[in-house]
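Undergrad: This is the structure I have questions about; it appears just below.
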Amino acid sequence: MLKILSSSRMFDGIDENILKKISVFSKIEKHKPNVTILEEDSSDDCDLFIVVSGRVKIFVSSKYFSSENDDSKAIYTVNPGDFFGEMSCIVKKRRSASAVTMTDCEIVRINGKKFIELMENDSEAGFHILRKLYETLYDRIQNSNFMLRNLLI
């Protein structure tokens with residue numbers, strides 16, 4: 001588990017002792033294609049996920065854009081080493097998007113409540129993890145801005 005965590009974008013460069021703590025409340029799950037991992041608007045859990053192998057599609061329902069149909073709009077593809085579900089974990093609010101496996105996947109599920117406890121009790125770990133989250137959020141916003149700009153032009 002330590003090798004998997006350390007090779008993820010979220011935990012790249014983090015101290016091994018902190019990774020050992022995280023590994024205690026993490027587990028590996030295997031999923032077939034088209035399995036829903038997260039549902040938009042759900043507030044049932046605040047776990048976060050790291051893709052070890054395979055790909056996961058993050059999408060939003062079009063019911064918020066149009067009452068005519070209930071198609072979904074893909075907004076991001078999560079590849080090995082990347083993570084998802086972090087926003088609801090950190091802010092403890094409903095899921096802003098859904099996540100469905102696109103291929104056979106191996107995913108690490110990190111218990112969100114214990115993860116937050118660790119961040120609150122270990123300021124060094126919390127700072128490093130939040131920095132990684134902000135870097136990823138920045139990249140995603142830049143990507144969204146690019147897509148939006150292409151729609152408007």
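Undergrad: Which condition number does Val52 fail, the rest of (1) at pLDDT below 90; (2) farther than 24 Å from Ser144 by Cβ being met?
TA: For Val52, the exception is condition (1).
Undergrad: From the set of residues in the stretch 2-23 that are over 16 Å from Ser53 (Cα atoms) and of a type in the set (Gly, Ala, Ser), which is surrounded by the fewest Cβ atoms within 10 Å (Cβ to Cβ)?
TA: Taking the candidates together, the pick is Gly13.
Undergrad: Here is a further query. Tell me which of these Ile141 doesn't satisfy, since it passes every other one: (1) of a type in the set (Val, Ile, Thr); (2) in contact (Cβ under 8 Å) with a residue 24 or more places away in the chain; (3) farther than 18 Å from Leu5 by Cβ.
TA: Just one mismatch for Ile141, condition (2).
Undergrad: Can you say whether Glu135 is surrounded by fewer than 16 Cβ atoms within 10 Å (Cβ to Cβ), free of Cβ contacts under 8 Å to residues at least 12 places away in the same chain and under 21 Å from Asp15 (Cα atoms), as far as the supplied structure shows?
TA: For Glu135, the condition - surrounded by fewer than 16 Cβ atoms within 10 Å (Cβ to Cβ), free of Cβ contacts under 8 Å to residues at least 12 places away in the same chain and under 21 Å from Asp15 (Cα atoms) - is met.
Undergrad: Between a first residue in the stretch 28-57 that is within 24 Å of Lys92 (Cα to Cα) and open to solvent by 40 Å² or more (accessible area, probe 1.4 Å) and a second residue that is in a loop (DSSP other than H, G, I, E, B) and not acidic (Asp, Glu), which pairs have beta carbons less than 7 Å apart while being 6 or more apart in sequence or on different chains?
TA: Glu39/Arg95; Asp41/Arg94; Asp41/Arg95; Ser43/Arg94; Lys57/Met102
Undergrad: Same structure, new question: Take the residues of the stretch 76-116 that are in contact (Cβ under 8 Å) with a residue 60 or more places away in the chain and in a loop (DSSP other than H, G, I, E, B): which is most open to solvent (accessible area, probe 1.4 Å)?
TA: Among them, the one singled out is Asp104.
The values are calculated or read from the model by the stated rules, or taken from the named source; none is laboratory data. This one's a predicted model, so the numbers in the text were calculated from it and none came from an experiment. Neighbour counts run over all protein chains shown; Cβ positions are idealised from the backbone, glycine included. In case anyone asks, the SASA skips ligands and DNA or RNA and just uses the protein heavy atoms, side chains included. Shrake-Rupley method; radii C 1.70, N 1.55, O 1.52, S 1.80 Å.
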